[in-house]
Amino acid sequence: MASLPLLAQTGNLSAAEETTPLHLPQDPGRGIREGWTIAVFPDTQNYAKYGQNQVHFERMCQWVAEHLDAWKIGLVMHEGDFVEQNNIAEGGGRGFGDQHSTSQWESAKRALSKLEDKVPIIFSTGNHDYGIRNAETRQTQVNDYFPLGENKLVTDGAGGGILIETTTNGLGQHSQENAAYEVKLPGGRKLLIVALEWGPRREVVTWANELVRRDAYQDHTGVLLVHDFLTPASIRDGQDGNRKRPGNPHTYPTGKQGNTHDGEDLWQALVRDAPQFQLVLNGHEMGKHVGRRVDENASGTPVHQMLFNAQGLGGGSDHRGNGGDGWLRLLTFEPDGVTLTVRTFSPLKLDAGKSPWWNNPAWCFTVPIQPA
């Protein structure tokens, strides 16, 4: 797939919102004067599965680590699919990469270790993080490499850190696969972040529903982090009634028996009736790699839903590619209290002497948010 700027469909977004100009610093190293930023990594599987590409994810993490202060980065998110295959003994072949699973997980760990104990890291899990190659089961190695308590800024086991609580994964274990976090921003805004497993099961959604309805979190800004939600057509996965579309969680072994949720399922069962959700982030989908829409929830609050992925860029799955061109997102809560700025940036482009910004309204834009 050619890495040319493509304008994603924008659902019911207003024309004014699509074209709002924003500041893209000529020198990214200088960062921003004010604000508070989340750095978001999309699917990193194409970095992990090729030995030659693993260094690119390390470079992305290193750039973030070096610019925590400049960009006022207070949180890092990963949208899932750390690896291409969760549990293979030999390199995949046939376009599936050349690295076995141990190498892939070690690569992801090596990259993100550059950030551990410097900034909290939270994640959702993707279909490729389960089973053997692609969600044949709910078994995963993610907790072997990113166990609870390893990053003390997430949880130190004694009440410190941003973690509120977890619920069990498909094997009955407590982990960050299904977790809730509270993050306090300058200016008084408090985030309630809920991160869910691939194709969340009914019991997980029940837990999340109970949590978001607690009195303690009613004045928070809600953020849902999940691997599958919005598609490149800027509709929620399953919103058109098609649950047989490739990529929909219902088509995988982990979801064929019905105990799963796609994007529309999550909207109906969780997001729509939770008053604090204002933002939903996901990866997973390719094609245009981006999409966004805004809908009011049952309380009349606008909920901004954003797909961001880059795994098909920079050569995609081809062995001649670089794994995704190094694109990551910088989401900045502006000091005015009502603006979220979304910038898409690549350290790899910067290193190559090219523009590091994807200066296109589908990739760099602002959205209005409710005041704290």
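Rule-based calculations on the coordinates, nothing more; no lab input. These figures come from a predicted structure and were not determined experimentally. Cβ: placed from backbone, ideal geometry, glycine included. Neighbour counts: every protein chain shown.
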Please arrange SER355, SER101, SER175, SER107 by counting, for each residue, the other beta carbons lying within 10 Å of its beta carbon, fewest first.
SER355, SER175, SER101, SER107
Suppose only helical runs count, i.e. DSSP H with n ≥ 4. What mean residue ellipticity at 222 nm does that imply for the chain under -39500 (n - 2.57) per run, divided by all residues and rounded to the nearest 500 deg cm²/dmol?
-4000 deg cm²/dmol
Multiplying the sequence separation of ARG30 and ASN143 by 0.36 nm and subtracting their Cα-Cα distance, what value in nm do you get?
37.1 nm
Unit Cα scatterers, Debye sum, segment 25-98: log10 I(q)/I(0) for q = 0.12, 0.28 Å⁻¹:
-0.44, -1.26
Which residue, ALA111, ALA310, ALA352, has the most motion in a Gaussian network model of the chain that connects Cα atoms within less than 10 Å?
ALA352
In nm, to one decimal, how far is the modelled label at ARG94 from the one at SER355, with both set 7 Å along Cα→Cβ?
4.1
In which sequence would ASP98, ASP117 go, from the one with the fewest C-beta neighbours within 10 Å to the one with the most?
ASP117, ASP98
Can you tell which of TYR181, LEU211, TRP71 lies farthest toward the positive end of the dipole of the chain, using +1 and -1 charges on the Cβ of basic and acidic side chains (Lys, Arg; Asp, Glu)?
TRP71
Given a Förster distance of 45 Å, report the FRET efficiency between THR339 and LEU171 from their Cβ-Cβ distance, rounded to the nearest 0.05.
0.60
Report the full-extension gain for the segment ALA70 to ASP156: residue separation times 0.36 nm, less the Cα-Cα distance, to one decimal in nm.
28.3 nm
So how far, in whole Å, is the C-alpha centre of segment 119-141 from the one of segment 294-343?
20
Normalised by the residues of segment 34-368, what does the relative contact order come to in percent, with Cα pairs under 8 Å and at least six apart?
17
For segment 34-368, give the share of DSSP beta bridges that are antiparallel, in percent and rounded to the nearest 5; count only bridges with both residues there.
60
Put +1 on the Cβ of each Lys and Arg and -1 on the Cβ of each Asp and Glu in segment 34-368; which of TRP198, LEU313, MET60 then has its Cα farthest toward the positive end of the dipole?
LEU313
